[in-house]
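The structure appears right after this line, and notes come after that.
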Amino acid sequence: MAAAATETLNFNVGVLGHIDSGKTALARALSTTASTAAFDKNPQSRERGITLDLGFSSFCLPVPEHLRPHGDYTRLQVTLVDCPGHASLIRTIIGGSQIIDLMMLVIDVTKGMQTQSAECLVIGEITCPRMVVILNKIDLLPEAKKQAAIDRMTKKMQKTLENTRFNGCPIIPVAAKPGGPDAPETETPQGISELIEVNRKVKSMQMFHKPVNTAIQGDRVGICVTQFDPKQLERGLVCAPESLRTLNAAIISVKKIPYFKGLVHTKAKFHITVGHETVMGRVTFFSPAPEDFESEPVMNCFVFDREYLYQEEYLLQAKGIGVDKSLANDQVEGSQVPRQQWALLEFEKPVTCPRLCLVIGSKLDTDIHANTCRLAFHGVLLEGFEEKNYAEVSLPKLKVFKLKHKDGQVERVSDDYNVIGRSLFKKETNMQLFVGMKVKLSTGEAGVIEGGFGQSGKFKIRIPDGLTAETKQQLSASSKKKSKGGKGDMTKTDEGKSETHPIIITLAFKRYLFDPQKKMIQS
């Protein structure tokens, strides 16, 4: 029990925002303890004048009353994760956001929302349940108009956030570094005490310069490793044995980020961020079979025994587009959108990650000066493939299919139970592959392909239940008109239009995307 009384309750706060909004100055103003990675201490950051990597610092508070029943904690420690703001460092920002319990979105009050501010807001919606908006640099506002300017910016931010998960979040005006970077350190920050009161209401666990016996995901701890050259490691992972896997491909549940402009296409390449790693990857979208579009979503596992429908792109709710254009109209309505969608990610380089981790797909090669969101989709990693030859070993068990259909015409009738078809196959087609496959006539009869007829690609169809009287009459009329027209031409009316309509033969089947034999399957 004595050991439990020394426990510190830790809460990780991410400091995110556009470059030069004052994030590092805010972290410095709040902190009482800094790690070796805090406040842009590395030479490259000092030389360039910007944050290049995650910075860590902390301050402590008494444990709030509402948290006391949850453990014998003696203090609440707030760990600040200072993230870069430059657009080119989005990988680091995404990585840092995944270990935080609350986000502070820092806004330059004189400029408002900027491009990376918006990207950080999107990242926060995906990774973090809570946010506080910091209106920084209020010392730059004219004193006579300061409060009016703060009120205007507060209303703008409230309007921006009203359709996000952060609707109604606190908005705090501060001056983290009055006078700017060159001002003397004796200048007192403004608004910091109000901000600390907001941060007291959150939780997690970590230690700074204090002995600890355990550490969990999200903690920042220093680890002494003997006989190890630190130059050999830039960034690594500490984990329990067998809790991480190195993957060459993965299946994720997927959702498109609505702020990303345009469609998200299958076979397109994206920057895939998993944990602190960002690699290029190709994406293939799929959904439940059409009859299962309304099935309840399953968020924490993937079922290989089910069948899934291939998509040309992520299906959008507004338009219901994305299903392969070759689908038969009677099987999938164009306006239908499934309740859940998945994506197969194929990485250009292996990534190491745990199961159920966050995945974000981005287009980071987009011009950083363009006023557009580069984050395209996000999801949860459900299954991974470790084998280098996963395409041959593992993907065949993924039953993703395309619905296909071919159309031909009835050439003539042989008898009440047999017709000759044309225009469905080329003359060089191997007809044996299609013998026994079911077809449907546009007049309603179901038939079976029995084999080829001649050398021109024509074929025989048997109608087990026989042709209806109406179909026989239509075929007979068509045959007579062709005979009168000569050389297969149909008789014309005075207006020049044909009086007959061909009977269409439809061959529908599905083909599994990862089936090495590319078999055609019919229900």
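Condition check ((1) within 30 Å of PRO396 (Cα to Cα); (2) assigned to a strand (DSSP E or B); (3) at pLDDT 90 or above) across all residues:
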position: GLY447; (1), (2), (3): no, yes, yes
position: ASP465; (1), (2), (3): no, no, yes
position: THR471; (1), (2), (3): no, no, no
position: GLN474; (1), (2), (3): no, no, no
position: LYS481; (1), (2), (3): no, no, no
position: LYS484; (1), (2), (3): no, no, no
position: GLN517; (1), (2), (3): yes, no, no
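Selection of the stretch 355-385 for residues being under 21 Å from HIS265 (Cβ atoms), in contact with a Phe, Trp or Tyr (Cβ under 9 Å, 6 or more places away or on another chain) and part of a strand (DSSP E or B) yields VAL359, ILE360, GLY361, SER362, LEU375, ALA376, PHE377, GLY379. From the list LYS406, LYS397, LYS427, LYS388, pick out the single residue that is in contact (Cβ under 8 Å) with a residue 60 or more places away in the chain, surrounded by fewer than 16 Cβ atoms within 10 Å (Cβ to Cβ) and farther than 30 Å from ALA249 by Cβ. Criteria check complete, one pass: LYS406. LYS267 - would you say it is out of contact with any strand residue (DSSP E or B) (no Cβ under 9 Å at 6 or more places or on another chain) and either at pLDDT below 90 or in a loop (DSSP other than H, G, I, E, B) (or both)? No: the conditions fail for LYS267.
For the stretch 143-159, filtered to residues that are touching a residue at least 24 places away in the same chain (Cβ under 8 Å) and within 12 Å of ILE171 (Cα to Cα), the residue that is surrounded by the fewest Cβ atoms within 10 Å (Cβ to Cβ) is LYS156. Please determine, by comparing only the residues of the stretch 449-459 that are surrounded by 15 or more Cβ atoms within 10 Å (Cβ to Cβ) and not charged (D, E, K, R), which one is nearest to GLN517 (Cα to Cα). By that ranking, first place goes to ILE449.
Within the stretch 287-308, the set of residues being farther than 11 Å from VAL337 by Cα and in contact with a Pro (Cβ under 6 Å, 6 or more places away or on another chain) comprises just one member, SER295. Of all residues in the stretch 113-170, those satisfying the criterion of being modelled with pLDDT of 90 or more, hydroxyl-bearing (Ser, Thr, Tyr) and part of a helix (DSSP H, G or I) are THR154, THR160. The requirement of being at pLDDT 80 or above and outside any strand (DSSP E or B) is fulfilled somewhere in the stretch 502-512, by at least one residue. When the test is whether a residue is of a type in the set (Lys, Arg) and over 23 Å from ILE192 (Cβ atoms), ARG130 does not pass it.
The values are calculated or read from the model by the stated rules, or taken from the named source; none is laboratory data. In this text, all values refer to a predicted model and were calculated from it rather than measured experimentally. Glycine also receives a Cβ, built like all others from the backbone with ideal geometry; neighbour counts cover every protein chain displayed.
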